[in-house]
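Peer 1: Quick one: the structure is below, and I'll ask about it shortly.
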Amino acid sequence: MFHPGAFFTEVVLPPGNNPIPRLPFTGSLALLLFSQPLVATESNDGTDIRAGHSHEGEAFNEGPRQFAKLIPDCGDVHFPIQSTWPEAQTFFNQGVGQLHGFWYFEAERTFRHIAAHDPQCAMAYWGMAMANFENPTRAAGFIAKAIEHREHADDAGKLHIDAQNAFLTATGKDAVASRRQLIRDLENIVHTYPDDIEAKAFLACYIWQFSRKEVPISSPESVDALLQQVFEKAPMHPAHHYLIHLWDKEKAVRALDSAHLLADTAPAIAHMWHMPGHIYSQLHRYEDSAWCQMASARIDHQQMMETRILPDQIHNYVHNQEWLIRNHHRLGGAREATAVARALLANPRHPTLNSPQNRKSSVHFGRTRLLETLEFFELWDEALALSETEFSGTEPTDSHYFNHLRLTGIAHFEKGDSKKLTATIEEISRQLATAETEKTTAVDEARQEAEERKKNKKDTDRAIADASRSLTEQIRNLKEIHAELAAHASIQEGSGETDFTAIRRPKHAIALLHLRAGDSETALKLSKEALATNQTLPLAARIEILMQTGDHIAARETFDRLKLLSAHLDLTAPPFQRVTSIAAEFGEAPDWRIPVSIPADIGKRPDLTLLGPENWTPPPAPAFSLPSADGKSLALDDYKGKPLVVLFYLGHGCLHCIEQLNDFAPKRAAFLEAGIEMLAISTDQVGELEKSHQAYSQEGAFPFPILADPSLASFKAYHAHDDFENQALHGTFLIDPAGRVLWQDIGSEPLRKPDFLLHEARRLLTLQTLEFN
């Protein structure tokens, strides 16, 4: 069983100023690793490389840029490669295990680590490409490096490289044909090396992945048979992951054994704890599914703290959390679902990683699931108060603004406030009229521009569609919400002409609305249909409808069914408060829930608290004490009890850094007004700090301290450093009064959004006072 304390084995660097151990580097990268280029330099092809950018190519500017560590329990895999570095095979096996667990961020780090020690290891670059399955542009950049060093791979490795290269460079070709060709190329590897179970595992993975991209699986049984060949040689191979995906939507019971095993195949990888939840959910074992997702989240949170990364940098983390919320819905856990949704909304926002426009982000799913939770559990007062909190999208540009309006209207209906419901409908009408006007303008402008450019009809129609697409979607959404709220209003008025087809609430909730409208026959029919998924809220509604229609015997039978699933019910939620009143008529105790019972087939579960924290936890800010231009030192402790923004920049010679400092300087007063201090840390020597001050766009010096760290010690401590190429990176950090890193941006380019950071800093500092449990 997984031991949390074995999560990471530190790679200890030697003492002294040289931050890189003396490793057997070869080729051009060796020279780069022992230099510190902080201004634009020239690459091998003669192009300028900006400070902070990789010398290996654009693909290397993103992703992890700190050394990897050996992490126990990433999977029992062995994929032989050729390398001049003795430790390469151990790290490569780790990286392959991480690929099988879709732990792409850490897999890329592992493969980069190998390339840093052996720049000619072609398979290291193949691994980086594989770790970017969902980012083909970066993957193509990595596979180009693999091709460059192809001669240093063994024969099997060459086939893997060639297969990926053909797939990733198939520009302009039929995408479906390219996917089929990759499958055939992997089959060729399997035929050439029949004992290569890693090739078989990846073949099974691609067959499943491409089944979602227009290459359907004609025979799941044949893929299952392929995976069984893997398990015959390695019963605990992490390819159980792929068997779960194979049968998830087909026949989940076929993957039940793999669900029981998967976490133990690679317990260091959070996603391997999540995946059994797919099978358990399909089999209506929602408690088991939720437990898996809670375990996965804690392991992810622990790893985030260890590696100092933000939640939305982890592939599938948000998916795990939003699925956990849905399982809490199914289990009747209103408070638990609300807590996870709010925790997602409390995660640090980032312009690219976590923004409302990113439909895979914490903020998007946090808002989506929070609105659902408040509606499903009839928390109408909380829904109406939502606009006064940090958890709502309150601007019309926010994708959730109109869904929030919808929930507001439903809440007014449920609370019997017809005037406010009417006012909400009128607001929807105003928003609809505005959107239609804006769409007309956008269409007219697009058509006029097309005519001026003399575009043909096809291109003109495409331009008009592109210009009006978001408004078209907005109008459709507004019309649906308007019709739905109008239907609620007609129920409230008792007009008898309600268009129930316009109502988008869950089936059991619509059944209750029919009962409210006097149509008990339809209420009984719909509530029975809603029971198919064996979830708590439909059962509660069914009990209520049966009682109100006089069938107390059936109500009691349904109550007994709900009682078996009652361990996680939030009895304070209105649907279950009403059931509790009915339970009293049946002679039940006020708390009629049955405790959790762990199924015998699950095996022993570890204590969740040992796996990591329940929510993302800001890591401690590393201490520093550095000199300023006047020779006096400033330390992090000098700002104890105060929020602080720290700008790590690459010296006075970095033009983009100086632009960043000039962006932040005029905003310093606004940051101070919010109680937030500011300082900058440079790679320059103390004697060169004055050159940065001279670059201030106004008279005098920058209005915040600038400190010198030519040793890059603080850069490394904050991970604003590329370990692989031994150069500083741009970094912007928000440190809270308790000395924790609440927010960060690290990369090849400096953050130049001071207004965004100020808004986010205020939000995060406010949220520190809120409870999420």
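Peer 1: Through the Karplus equation 6.51 cos²θ - 1.76 cosθ + 1.60, θ set to phi - 60°, convert the phi angles of segment 749-755 into ³J(HN,Hα) values in whole Hz; use x for Gly and Pro.
Peer 2: 10, x, 5, 10, 10, x, 5
Peer 1: Pick out, in residue order, every one of the trypsin sites (Lys or Arg not before Pro) in segment 135-181 that is DSSP loop and has at most 14 other C-beta atoms within 10 Å; say none if there are none.
Peer 2: Working: sites: Arg138, Lys145, Arg150, Lys158, Lys173, Arg179, Arg180; in loops: Lys173.
Taking segment 135-181 and a limit of 14 other Cβ atoms within 10 Å, the loop trypsin sites (Lys or Arg not before Pro) found are Lys173.
Peer 1: Where nothing but the Cβ of Lys and Arg (+1) and of Asp and Glu (-1) is charged, how large is the charge dipole of the chain around its Cα centre, in debye to the nearest 20? Before the final figure, lay out the partial values.
Peer 2: Details: 75 positive and 104 negative charges, 187 e Å.
The calculated dipole for the chain is roughly 900 debye.
Peer 1: Kindly provide the helix-only [θ] at 222 nm of the chain, computed as the sum of -39,500 (n - 2.57) over DSSP H runs of four or more divided by all residues, to the nearest 500 deg cm²/dmol?
Peer 2: Mean residue ellipticity, 222 nm, calculated: -16500 deg cm²/dmol.
Peer 1: Cross-link list Lys419/Lys525; Lys640/Lys753; Lys691/Lys716; Lys419/Lys479: which exceed 22 angstrom alpha carbon to alpha carbon? All intermediate terms of the calculation are to be shown ahead of the outcome.
Peer 2: Working: Lys419/Lys525 32 Å; Lys640/Lys753 25 Å; Lys691/Lys716 24 Å; Lys419/Lys479 20 Å.
Checking Cα-Cα distances, Lys419/Lys525; Lys640/Lys753; Lys691/Lys716 exceed 22 Å.
Peer 1: Continuing with the same structure: Heavy atoms only, probe 1.4 Å: what % of the accessible area of segment 273-394 goes to carbon and sulfur, would you let me know?
Peer 2: For segment 273-394, the apolar C and S fraction of the accessible surface comes to 49 percent.
Peer 1: Karplus couplings for segment 265-276 from phi (6.51 cos²θ - 1.76 cosθ + 1.60, θ = phi - 60°), rounded to Hz, Gly and Pro as x?
Peer 2: Each residue's phi maps through the Karplus curve to give 6, 7, x, 7, 9, 4, 5, 6, 7, 6, 4, x Hz.
Peer 1: Here's another thing I want to ask about it. For a protection proxy built on the mean count of beta-carbon atoms within 10 angstrom, sort 347-354, 114-121 highest first, please.
Peer 2: Working: 347-354: 19.5, 114-121: 24.8.
Ranked from most to least packed, the peptides come out as 114-121, 347-354.
Peer 1: Counting heavy atoms of the protein chains only and a 1.4 Å probe, report the per residue accessible area for segment 694-773 as a whole number of Å².
Peer 2: Values: 2980 Å² over 80 residues.
For segment 694-773, the per-residue accessible area is 37 Å².
Peer 1: Here's another thing I want to ask about it. Using a 1.4 Å probe, what is the accessible area per residue for segment 204-247, in Å²? Before the final figure, lay out the partial values.
Peer 2: Details: 1770 Å² over 44 residues.
So segment 204-247 comes to 40 Å² accessible per residue, rounded to a whole number.
Peer 1: Can you tell me which aspartates and glutamates have their Cα less than 19 Å from the Cα of Lys457? Leave out same-chain residues fewer than eight positions away.
Peer 2: Asp444, Glu445, Glu449, Asp466
Peer 1: Would you mind getting the accessible area per residue of segment 573-619, heavy atoms of the protein chains only, 1.4 Å probe, in Å²? If you can, show how the numbers build up before the last one.
Peer 2: Numbers: 2580 Å² over 47 residues.
Ligands and nucleic acids excluded, the result is 55 Å² per residue.
Peer 1: Also, quick follow-up: Which cross-chain or sequence-distant (5 or more) residues have an amide H under 5 Å from the amide H of Leu707, H modelled 1.01 Å from N in plane?
Peer 2: Ala680, Ile681, Ser682
Peer 1: Quick one: which residues, 5+ away or cross-chain, put their amide H under 5 Å from the amide H of Gly651? H built at 1.01 Å from N.
Peer 2: Here the answer is Thr683, Asp684, since their amide H atoms fall under 5 Å of that of Gly651.
Peer 1: Let me ask something else about it. Looking at segment 602-747 only, what percent of DSSP beta bridges run antiparallel? Nearest 5 please.
Peer 2: Working: 18 of 27 bridges.
For segment 602-747, the DSSP antiparallel bridge percentage is about 65.
Peer 1: Now for a separate question. Share of segment 584-729's accessible area from carbon and sulfur, percent, 1.4 Å? Don't skip to the answer; put the middle values down first.
Peer 2: Working: 3430 of 6480 Å².
Its accessible area is 53 percent carbon and sulfur atoms.
Peer 1: Under 20 Å Cα to Cα from Lys213, which aspartates and glutamates show up? Leave out anything in the same chain fewer than 8 places away.
Peer 2: Partners within reach: Glu134, Asp174, Asp185, Glu187, Glu221, Asp224, Asp248, Glu250.
Peer 1: A follow-up question, please. Leaving ligands, DNA and RNA out of it, report the carbon-plus-sulfur percent of the accessible area of segment 500-574 at a 1.4 Å probe. Mind showing how you got there, number by number?
Peer 2: Details: 1790 of 3310 Å².
Result for segment 500-574: 54 percent of the exposed heavy-atom area is carbon or sulfur.
Peer 1: Something else now. Scan segment 424-520 for trypsin sites (Lys or Arg not before Pro) in coil per DSSP, keeping those whose Cβ has at most 16 other Cβ atoms within 10 Å, and list them by number. Present the calculation step by step, with values, prior to reporting the outcome.
Peer 2: Numbers: sites: Arg430, Lys439, Arg447, Arg453, Lys454, Lys455, Lys457, Lys458, Arg462, Arg469, Arg476, Lys479, Arg504, Lys507, Arg516; in loops: Arg453, Lys454, Lys455, Arg504.
Those satisfying the criteria are Arg453, Lys454, Lys455, Arg504.
Peer 1: To check you understand DSSP bridge types, tell me what percent of the beta bridges within the chain (both residues inside) are antiparallel, rounded to 5. Display every interim value, and only then the final one.
Peer 2: Working: 22 of 31 bridges.
Approximately 70 percent, going by the DSSP bridge assignments.
Peer 1: What residue among Ala728, Phe715, Pro754 has its Cα farthest toward the positive end of the dipole of segment 709-773, where the charges are +1 on Lys, Arg and -1 on Asp, Glu, each on the Cβ?
Peer 2: Pro754
Peer 1: Under a 5 Å amide H to amide H cut-off, with H placed in plane at 1.01 Å, what residues pair with His721 once short-range neighbours are removed?
Peer 2: Long-range HN contacts for His721: Leu729.
Peer 1: Now, a different point. Which Cys in the chain stand alone, with every other cysteine's Cβ at 4.7 Å or more from theirs?
Peer 2: Cys74, Cys121, Cys205, Cys292
Peer 1: Cα centroid distance between segment 487-566 and segment 199-216, in Å?
Peer 2: 42 Å
Peer 1: Whole angstrom only: what separates the Cα centroid of segment 300-355 from the Cα centroid of segment 695-773?
Peer 2: Centre-to-centre (Cα) distance: 23 Å.
Peer 1: Using θ = phi - 60° and the Karplus relation 6.51 cos²θ - 1.76 cosθ + 1.60, list the HN-Hα couplings for segment 57-67 in order, rounded to whole Hz, with x at every Gly or Pro.
Peer 2: My calculation for segment 57-67 gives x, 4, 4, 7, 6, 9, x, x, 10, 10, 4 Hz in order.
Peer 1: While we're on this one: With only Lys, Arg, Asp and Glu charged, each at its Cβ (+1 for the first two, -1 for the last two), find how big the charge dipole of segment 114-236 is about the Cα centre; round to the nearest 20 debye. Provide the component values of the computation, followed by the final result.
Peer 2: Working: 12 positive and 17 negative charges, 96 e Å.
Computed about the Cα centre, the dipole is about 460 debye.
Peer 1: Follow-up question, since we're still on this one. Cross-link partners among lysines for Lys200, C-alpha distance below 17 Å, same-chain residues fewer than 8 apart left out?
Peer 2: Here the lysines satisfying the reach criterion relative to Lys200 are Lys158, Lys233.
The values are calculated or read from the model by the stated rules, or taken from the named source; none is laboratory data. Given the structure is predicted, the values throughout are model-derived calculations rather than measurements. As a convention, Cβ positions derive from the backbone with ideal geometry for all residues, glycine included, and neighbour counts pool all protein chains shown. Protein only, heavy atoms only, side chains kept; ligands, DNA and RNA dropped before computing areas. Shrake-Rupley method; radii C 1.70, N 1.55, O 1.52, S 1.80 Å.
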